[in-house]
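The values are calculated or read from the model by the stated rules, or taken from the named source; none is laboratory data. Being a predicted model, the structure only gives us computed values, none of them experimental. Counting neighbours? That spans all protein chains shown, and the Cβs are built from the backbone with ideal geometry, glycine included.
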Amino acid sequence: MRIFEGVEALDGLPVLHIRDLNALACSDLHLGYEGRMADRGAFLPKVNLRHIKDILRRANEKAHADVIIINGDVKNEFSTVHTDELNEFIELAGFLAKDLGISKIIVVKGNHDNFINRMTWREGIEVHEQEFLADGFLFFHGEKLPRSHAETMVMGHLHPAITVYDDVGAREKLRCFLSGSTAGGSRLVVLPAISYFAEGVSVNLEGVSGIAPIFKRHADIDKMKALCIGEGETLGFGSVGELKGIEN
Amino acid sequence: MIEYCTSPYSREESLDCLNPFIRKWFEGKYSELTPPQRYSFKLTKEGKNILITAPTGSGKTFSAFTGILSDLMDMSVEGKLEDKIYCVYVSPLRALNNDIYRNLSGPLEQIFSRIALPLKKVTVGIRTGDTPQKDRQRMLKKPPNILVTTPESLAIILNSPRFMENMMSLKYLIVDEIHELANNKRGVHLSLSVERLCDMVGRDFMRIGLGATLNPLDEAARFLVGHRDDGAERDCMIVDATWDKNMEFGVMCPVADIVNESDEKVENSIYKRINDVITENKTTLVFTNTRSGTERVVYNLVKRFKYGEESIAAHHGSLSREVRLGVEELLKKGKLRVAVSSTSLELGIDIGSIDNVIQIGSPKSVARAIQRFGRSGHSFKDTAKGEIIVTNRDDLVECSVMLDAAKKRHIDSFRVPRNALDVLAQHLVGMSQNKRWTVDEAYSLVRHAHPYHSLDKKDFMSLLEYLSGMFVGLESRRVYAKIWYDEKERAFGRRGKLTKLIYFMNIGTIPDEVAIDVMNRENKWIGSIEEEFLSRLKPGDVFALGGKIYRFEYAKVMKAYVSDAAGQVPTIPPWYSEQLPLTYELAVEIGKFREALSSAMQGRLKKSHAAKISKNTLMPDAKALGILDSMPIDKNAKSSIFHYFAEQLLFAKHVPNDRLVLVERSRDDERTLVIFHSLYGRRVNDALSRIFAITLGDESNSDVAVNVNDNGFILAVPLSKKLSGRDIDRMVRSALEADMEHTLKSNIRRTEMLRRRFRYNAARSFMILRNYKGKKISVRKQQINSQLIFKAAEEINPNFPIIKETYREIFEDVMDLPRAKGIMDGLKSGSIKYKVIETDVPSPFSHMLVTMGESDVIMMKDRRKHIRELRRQVLSRIRKGA
């Protein structure tokens, strides 16, 4: 589904294809999540990395990109680098290079990505502290306001989703992209989380400005359109404001 | 072999079995033997395994202990009594354990105080979760001869090598309240502990089971004694003294016309009746079916009849331990006029003398009715007295048939959960801590326990694989593995320093209750509800909480957001998740009664009777009266039942029964309703309704709202989906062709029920711990994404043991899939008929279902279609709003 000229949400996947950069963009991987949970007594099956690899493979079968931009939260642990984070990132980087032919990995640091430099020594990986600007595109994670401006701004961090109820009361939570514009007139896209275990924040039910400060004054969440990830397709569900307004 | 004892031994024969000191004490205290004692003294002497069922006040506990005390006394006299444990007593209730401890210590004190000889005293000790560390230490040094404990503490003892040293001379095991254990995972857990104990002691010991009545008794006996190495069940003698206590009981219908009378009048009459009974007796015990019901009854009695705090009290599981103990104490002293309880007082705790039991609303099973009535009439020679006060029309029919069955001594059956893999996982971790096992040796031991006798070797192996961490890569097993397992050697054993602590800290089968915080729009906390209650709420539902009315808006992880809805009528009754399901046997009995009474009435009713029926003045003819008169029910009950049936017959021409499922197409303001009158109990209907809903959803391209109760279920689709009688007939026929298990699995995968059950099972299997590294892990944290965890496990291995167990539990313990299949087969073969009828408004027999069923939504099978349909609806609502 085309979001803006040159910016496409790949059908049914939480991944953008940006034509001019020949790049995939995704966000919020939270690698090492299961290992960290196991340390806390929840021995989850390890599926996150497998799931992310599968999504990116499907994405690049369509896009044939040679760059990937990871828009923050590659890892999960705030205070250190967990062994599992390191192992999984090395595996992912190898997979992207060898299996998908992606020559460059651009990482924008997210709030979970402290000490990430210990993981990214490999060739072909670029880490950007706060944000990454290229050809009119600005990638920033989103826990803080961006410093730069660009014609198109791409954000992560929020894990957007919507919760809707059908006519007989069934509840459904769907991950979604948010697309719209900022007060300054830039185009704005919020990426859904790619992590298996991130259920998402229901933007039509919960306040978001505490999590994502851009929605305090610089953009209106109600005017953002929710583009939901369905089964093999991405579907527009109206704007967040409209979704808030309907009688569920 | 399992045998029934039917001829009691004589008084002399029984007393001759006892040690002289014990005999003297016994004869000094009791003038005669109670019915169970006239079997048990002799059988204990002979060293037989025994299962004794009898009501309260039958001297049941002493029927088990006297013979054992006698033997220990003999040992003392012969100088053979050592500081070792000879008898273990297990009951599921700490309160009961405390009673037993007191009731043994007292007599032992008395007995030894009268003996001049310097005999070594028989000692008794108690060990439960409440026992302080220093008492446990003391017990290690000087173990009691009789140990009183709980299933969980017993499982811990099995992994305390020093404590086990004192168990090696064990001769007797008593399992009390067996009816509270044999039908659930806690009992399954105990059955494995007992077989492990037996294995560690290295020989059989005598087993005595005690309980209220349950059916079939031989299954309960098998649960108690288990199987030998050669696969044959161990021997057991069954003593059924349930019916040796006289019982008087009946159904009381509060008004002459319960169908049409106003709720207020019904309620007034109910409370008046309760008050009358209390006034006429010294102490009355009132049972409700739910905790909230208990609170309501106490509140009303106090308000209406000015009972003071000293004469009335509530007793239920949500009250603190101190409050409950206080109430029990007051009852024992005979100080209360009335106690009101949900389930907590139906167990064997000593509550003194009760004259009369009132049950409000259906207790849902014959066994439970008998057990509750049996709480009255303290000595076995007193008559137990009880009545059920019914609250609505279906309740009335149900209770009438129930007590009629009780009169005929027809008890509904229970089921032992089979091959529960989560419970087994716990024990395998415990066993691996004890020693190195070969796979075959451990498998054989596990199969000694009756609930695992048919365990598939493949499932056993899959547990070893899971516990040894084979579902993650080698590099992670250091953290994940709970046991060491060598596939080549086919052996397993201890692994990891933390595992023993994990076992001790996470043992047991009772899930942590999850409280959902209820918040208002300003994010202020209002109160909490149970998770199960939340899972039933959909936006717009109105419910009561803490005396105020709220409208449910939406839920977020562990919070429910609501708005004020003062003055509105709740759409969800507060007892929702607490309601017990009607047993299948009783449901079928009710179906037979419906058949008998309706055919007696059929053909005699005329349209012209309508006016009399609505005024409740039609007289039953002799044939109908004959049926009603044979039942233990009052005049109001007879008249109400007769008129209820007459209404249904005149309106719909058919009364559904156990061999006739009525399928009624009707409607309400917004929806087309397909009402299935299938009186088979909620557990069966839960499965049936899903199959039909899935089929209807497929054929009408719509999600289907479902309402289920014991008497049937309703499928609802938007009015825009037109359904003719012929469409429904086609839908029924195509549902009958469905592969039930497969269809249900794909449906259940996406339900809240699965999510919750999976989390409980994951906790019991030590996959998601409740306590780890000395920290308690909040349920809130466990809650995160249990559905995602389920899906993750499924991706790794669809037969992952915890997934398999979750489906098993849902199909066998929550629902009753085997019997639901039986009904479907009956419908297919024609041994059960179905008839499609069309009505403008729902027929009388469906009114309770329409207003009080449990609701759920069955989503379309095709997820892509489902999301598209959802989008269509959302966009159309947005357009409408604009």
Report summary line: Looking across region A:13-43 at residues that are touching a residue at least 24 places away in the same chain (Cβ under 8 Å) and in a strand (DSSP E or B), the single one that is farthest from the other protein chains (Cβ to nearest Cβ) is A:ALA23
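The rows are residues; the columns are (1) charged (D, E, K, R); (2) touching a Phe, Trp or Tyr at 6+ places or on another chain (Cβ under 9 Å); (3) surrounded by 22 or more Cβ atoms within 10 Å (Cβ to Cβ).
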site: B:ALA182; (1), (2), (3): no, yes, yes
site: B:GLU219; (1), (2), (3): yes, yes, no
site: B:ARG222; (1), (2), (3): yes, no, yes
site: B:ARG228; (1), (2), (3): yes, no, no
site: B:ALA232; (1), (2), (3): no, no, no
site: B:GLU248; (1), (2), (3): yes, yes, no
site: B:VAL255; (1), (2), (3): no, no, no
Requested in this report: Please find, within region A:181-201, the residue that is farthest from the other protein chains (Cβ to nearest Cβ) out of those that are closer than 15 Å to A:LEU227 by Cβ and of a type outside the set (Val, Ile, Thr).
Outcome: A:ARG187
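Determine, yes or no, whether B:ASP394 is charged (D, E, K, R), at pLDDT 90 or above, within 28 Å of B:PHE845 (Cβ to Cβ) and not assigned by TED's automatic domain parsing to the domain that holds B:PRO55. Don't jump to the end; show me each part of the working.
Values: charged (D, E, K, R): yes; at pLDDT 90 or above: yes; within 28 Å of B:PHE845 (Cβ to Cβ): yes; not assigned by TED's automatic domain parsing to the domain that holds B:PRO55: yes.
Yes.
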Query raised in the report: Out of (1) closer than 27 Å to B:TYR480 by Cα; (2) in a helix (DSSP H, G or I); (3) within 13 Å of another protein chain (Cβ to nearest Cβ); (4) at pLDDT 85 or above, what's the single condition that is false for B:PRO798?
Result: (2)
Query raised in the report: Of these, B:VAL357, B:VAL323, which one is under 27 Å from B:ARG393 (Cα atoms) and not in a loop (DSSP other than H, G, I, E, B)?
Result: B:VAL357
Query raised in the report: Picking from B:VAL588, B:VAL562, which residue would you name as being of a type in the set (A, V, I, L, M) and either touching a strand residue (DSSP E or B) at 6+ places or on another chain (Cβ under 8 Å) or at pLDDT below 90 (or both)?
Result: B:VAL562
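Considering every residue within region B:112-124, establish whether at least one is out of contact with any Ser or Thr (no Cβ under 8 Å at 6 or more places or on another chain) and of a type in the set (D, E, K, R). Please lay out each step first, then the result.
At the first step, the residues of region B:112-124 found to be out of contact with any Ser or Thr (no Cβ under 8 Å at 6 or more places or on another chain) are B:112-118, B:123.
Right, trim to of a type in the set (D, E, K, R) and you get B:114.
Yes, that holds for at least one residue.
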Query raised in the report: Pick from B:LYS458, B:LYS488, B:LYS408: which is surrounded by fewer than 20 Cβ atoms within 10 Å (Cβ to Cβ), free of Cβ contacts under 8 Å to residues at least 12 places away in the same chain and within 25 Å of B:ARG808 (Cβ to Cβ)?
Result: B:LYS458
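Could you please let me know if A:VAL208 is closer than 29 Å to B:ASP862 by Cα, modelled with pLDDT under 95 and within 14 Å of another protein chain (Cβ to nearest Cβ)?
On the way: closer than 29 Å to B:ASP862 by Cα: no; modelled with pLDDT under 95: yes; within 14 Å of another protein chain (Cβ to nearest Cβ): yes.
No: the conditions fail for A:VAL208.
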Requested in this report: Report yes if B:THR56 is at pLDDT below 90, among the polar types (S, T, N, Q), within 30 Å of the chain's Cα centre (by Cα) and not in a loop (DSSP other than H, G, I, E, B), otherwise no.
Outcome: no
Query raised in the report: When region B:367-399 is examined, which residues are found to be in a loop (DSSP other than H, G, I, E, B), of a type in the set (D, E, K, R) and either touching a Lys or Arg at 6+ places or on another chain (Cβ under 6 Å) or closer than 17 Å to B:ALA256 by Cβ (or both)?
Result: none
Requested in this report: Test A:ILE211 against the stated conditions and say whether it is outside any strand (DSSP E or B), in contact (Cβ under 8 Å) with a residue 12 or more places away in the chain and among the β-branched types (Val, Ile, Thr).
Outcome: yes
Report summary line: The one condition A:CYS176 fails out of (1) in a loop (DSSP other than H, G, I, E, B); (2) in contact with a Pro (Cβ under 9 Å, 6 or more places away or on another chain) is (1)
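Can you pull out every residue in region B:466-486 that is over 18 Å from B:ARG436 (Cα atoms) and of a type in the set (D, E, K, R)? Outline the logic, then answer.
So in region B:466-486, the residues over 18 Å from B:ARG436 (Cα atoms) come out as B:470-480.
Residues satisfying the conditions are B:GLU475, B:ARG477, B:ARG478.
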Query raised in the report: What is the residue count in region B:577-619 for residues that are farther than 17 Å from B:ARG659 by Cβ and assigned to a loop (DSSP other than H, G, I, E, B)?
Result: 14
Requested in this report: Kindly indicate whether A:PRO160 is surrounded by 19 or more Cβ atoms within 10 Å (Cβ to Cβ) and closer than 18 Å to A:GLY238 by Cβ.
Outcome: yes
Report summary line: Note on B:SER362: of the conditions (1) over 15 Å from the mean Cα position of the chain (by Cα); (2) not in a strand (DSSP E or B), unmet is (1)
Query raised in the report: Taking region A:211-234 on its own, how many of its residues are within 14 Å of chain B (Cβ to nearest Cβ), more than 18 Å from B:LEU875 (Cα to Cα) and of a type in the set (Val, Ile, Thr)?
Result: 1
Query raised in the report: When you go through A:LYS144, A:LYS173 one by one, which is the residue that is more than 16 Å from the chain's Cα centre (by Cα), of a type outside the set (S, T, N, Q) and surrounded by fewer than 21 Cβ atoms within 10 Å (Cβ to Cβ)?
Result: A:LYS173
**Report entry** Restricting region A:59-82 to residues that are over 16 Å from the mean Cα position of the chain (by Cα) and over 22 Å from A:GLU123 (Cβ atoms), the residue that is farthest from the other protein chains (Cβ to nearest Cβ)
**Finding:** A:ALA63
Report summary line: Checked A:LEU92, A:LEU56 against criteria (surrounded by 24 or more Cβ atoms within 10 Å (Cβ to Cβ), away from every other protein chain (no Cβ under 14 Å) and assigned to a helix (DSSP H, G or I)); the one match is A:LEU56
**Report entry** Of the criteria (1) within 14 Å of chain B (Cβ to nearest Cβ); (2) under 21 Å from A:LEU56 (Cα atoms), which one A:LEU178 fails
**Finding:** (1)
Report task. Would you check if there is a residue in region A:2-12 being at pLDDT 95 or above, surrounded by 24 or more Cβ atoms within 10 Å (Cβ to Cβ), out of contact with any Phe, Trp or Tyr (no Cβ under 8 Å at 6 or more places or on another chain) and part of a loop (DSSP other than H, G, I, E, B)? Result -> no
Report task. Run down B:LEU455, B:LEU445 and say which single residue is in a loop (DSSP other than H, G, I, E, B) and among the aliphatic types (A, V, I, L, M). Result -> B:LEU455
